[in-house]
């Protein structure tokens, strides 16, 4: 099949490093389906892509990790800080479908730096794994 007839959906972004993410919006929720490996730089790209979509307050941002293979523990600090900034604007960050392996990275990575006091309750992963 010729390359010019192959189309990528508009909501699929391919970032340097091999991380794919898909953004879906439904009933005020923003779901980001992650796949591949997530590090600090790529998380910053995701955050900058989502920021314009979060102008309205009280949004729920769901990071779906069901297709995510690995998280660099150094990205955890950025993830937790982003969750705190989102809470400050009335948003909720929810982690869904993260495997026990990925949750362990989140927990261990969260302990590798001195976090600021939480603003309004913990960032929770599925199965109630607290990050803050």
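Computed from the coordinates by the stated procedures, all read-outs in this text should not be read as laboratory data. Keep in mind it's a predicted model, so treat the numbers as computed, not measured. When we count neighbours, we look across all protein chains shown, and the Cβ atoms used for this are built from the backbone with ideal geometry, even at glycine.
A few notes on this one:
- Residue order, fewest to most surrounding Cβ atoms within 10 angstrom, among 66, 48: 48, 66
- Förster-model FRET efficiency, 35 Å R0, residue 72 and residue 27, C-beta, rounded to 0.05: 0.65
- Spin-label model, residue 55/residue 85: points 7 Å from Cα along the beta carbon direction are separated by 1.8 nm.
- When 73, 89 are arranged by Cβ crowding within 10 Å, least crowded first, meaning fewest neighbours, the order is 89, 73.
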